[in-house]
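Taking it in order: structure first as structure tokens, then the write-up.
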Amino acid sequence: MNRVALGISYDGSAWYGWQRQPVLPSVQSELENALLKFVGQPVAVCCAGRTDRGVHALNQVVHLDPPVKRSAKAWVSGLNAFLPSSISVQWAQEVDENFHARFSARERTYFYVLREASVRSPLLDGKVGWVFRPLDLERMRRAAELFVGTHDFSSFRSTDCQAKSPVREIYTIDIQQSGSFYVFRFVANAFLHHMVRNLMGTLLYVGYGRLDASDIPTLIERRDRQYAPPTFAPDGLYLAGVKYEEAVQLPMQDPLTLFQQHLGPWIIPARPEPEDPGVA
């Protein structure tokens, strides 16, 4: 079998999510249409994680089993010639036939970029989430810590979620502030449908003072979506990285590095320097 993995980045603003739709335009349909033109026959693709309408990707991973062999460079340049400007193949690599973009993945990283301002910015529309109420960073950080670990996240998934199990393990949620911007980083083994956006809605309620961090365990234990705050907007959500076993050597960058390259240091501060224990 000739299996190829691709790294895809896209601006999700114009698309109705990743998954192919019967009529509406999607990222998957555009990529498969480009493959049809480049290869000359239909080729299906499978992704690491289906993103919602309006959600962006810096490094979505897909695999395909094309009927032809091409060099990595040819896959990148050939497909990009047929893709719209909002979708781009970043890299290509042949992989073992047992590799699966979704089921071989061990970790996913999402970033959410949020701007706190009294008035929304039309220049950032679709790229950054927006709130006009003041936020309490430390309250949100305390709440975020309570989501870390293995839990039943039924209270934080869409009612349309088709996952067989609502149990997921969150490794990290951290929140950094840079001026009027907040950057939330979510790292987990996998996410449920709307899970990150629902966690964002809850963390913002804590930041507004409408919930307390101590309410988080109760929301988790209820296992019922109706008790958690509303789903937040998709605008500032970015799939930044997918991690596989070390044996799978894909040309992927560290998610934080990739995020900084795409969105710039004006949004997210550089990695904090380790504290010098000798300095008071």
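Sub-6 Å Cβ pairs linking a first residue in the range 123-137 that is part of a strand (DSSP E or B) to a second residue that is charged (D, E, K, R) and at pLDDT 90 or above, at least 6 apart or interchain, are G129/D235; W130/R115; W130/R120; V131/E116, ordered by first then second residue. Considering each residue of the range 163-172 in turn, none proves to be surrounded by fewer than 22 Cβ atoms within 10 Å (Cβ to Cβ), touching a residue at least 40 places away in the same chain (Cβ under 8 Å), in a helix (DSSP H, G or I) and not assigned by TED's automatic domain parsing to the domain that holds D52.
Only a single item in (1) part of a strand (DSSP E or B); (2) assigned by TED's automatic domain parsing to the domain that holds G40 is not met by Y112, and it is number (2).
Taking the range 173-204 as the search range and keeping residues that are hydroxyl-bearing (S, T, Y) and surrounded by 21 or more Cβ atoms within 10 Å (Cβ to Cβ), which one is farthest from the chain's Cα centre (by Cα)? Walk me through it before giving the result.
Of all residues in the range 173-204, those hydroxyl-bearing (S, T, Y) come to 178, 180, 182, 202.
Remaining after also requiring surrounded by 21 or more Cβ atoms within 10 Å (Cβ to Cβ): 182, 202.
Values: Y182: 16, T202: 18 Å.
Across the range 173-204, the extreme among qualifying residues is T202.
Total residues in the range 132-171 satisfying the condition of being under 21 Å from the mean Cα position of the chain (by Cα), modelled with pLDDT of 95 or more, closer than 30 Å to S121 by Cα and not basic (K, R): the figure is 4.
Determine whether Q226 is over 27 Å from K127 (Cα atoms), part of a helix (DSSP H, G or I) and at pLDDT below 95. In short, yes. Name every residue in the range 81-114 that is of a type in the set (A, V, I, L, M), surrounded by 15 or more Cβ atoms within 10 Å (Cβ to Cβ) and out of contact with any His (no Cβ under 6 Å at 6 or more places or on another chain), in order of residue number. Correct list: L83, I87, V89, A92, V95, A105, V113, L114. Taking interchain pairs and intrachain pairs at least six residues apart, which have beta carbon atoms under 6 angstrom, with the first residue in the range 42-70 and within 23 Å of L192 (Cα to Cα) and in contact (Cβ under 8 Å) with a residue 60 or more places away in the chain and the second β-branched (V, I, T) and not in a loop (DSSP other than H, G, I, E, B)? Partner pairs satisfying both residue conditions: A48/V61; A48/V242; Q60/I8; V61/V242.
Checking the structure you have, find out if any residue of the range 47-54 is more than 19 Å from Q90 (Cα to Cα), touching a helix residue (DSSP H, G or I) at 6+ places or on another chain (Cβ under 8 Å) and buried (at least 18 other Cβ atoms within 10 Å of the Cβ). Give the steps one after another, and end with the answer.
Step one: filter the range 47-54 for residues more than 19 Å from Q90 (Cα to Cα), giving 52-54.
Of the ones still in play, those that are also touching a helix residue (DSSP H, G or I) at 6+ places or on another chain (Cβ under 8 Å) are 52-54.
Add one more test, that the residue is buried (at least 18 other Cβ atoms within 10 Å of the Cβ), and what stays is 52, 54.
The answer is yes, given that some residue of the range 47-54 is more than 19 Å from Q90 (Cα to Cα), touching a helix residue (DSSP H, G or I) at 6+ places or on another chain (Cβ under 8 Å) and buried (at least 18 other Cβ atoms within 10 Å of the Cβ).
Does the range 143-162 contain any residue that is surrounded by fewer than 17 Cβ atoms within 10 Å (Cβ to Cβ), without any contact (Cβ under 8 Å) to a residue 24 or more places away in the chain, in contact with a helix residue (DSSP H, G or I) (Cβ under 9 Å, 6 or more places away or on another chain) and not in a loop (DSSP other than H, G, I, E, B)? No, the range 143-162 contains no residue that is surrounded by fewer than 17 Cβ atoms within 10 Å (Cβ to Cβ), without any contact (Cβ under 8 Å) to a residue 24 or more places away in the chain, in contact with a helix residue (DSSP H, G or I) (Cβ under 9 Å, 6 or more places away or on another chain) and not in a loop (DSSP other than H, G, I, E, B).
For the range 229-261, the candidate set comprises residues that are of a type in the set (D, E, K, R) and under 27 Å from E97 (Cβ atoms); within that set, the residue that is modelled with the lowest pLDDT is E246.
The one condition from (1) farther than 17 Å from L237 by Cβ; (2) modelled with pLDDT of 95 or more that Y112 does not meet is (1).
The values are calculated or read from the model by the stated rules, or taken from the named source; none is laboratory data. Please read these numbers as outputs of a predicted model, since none were measured by experiment. Glycine gets a Cβ as well: all are built from the backbone with ideal geometry, and neighbour counts include every protein chain shown.
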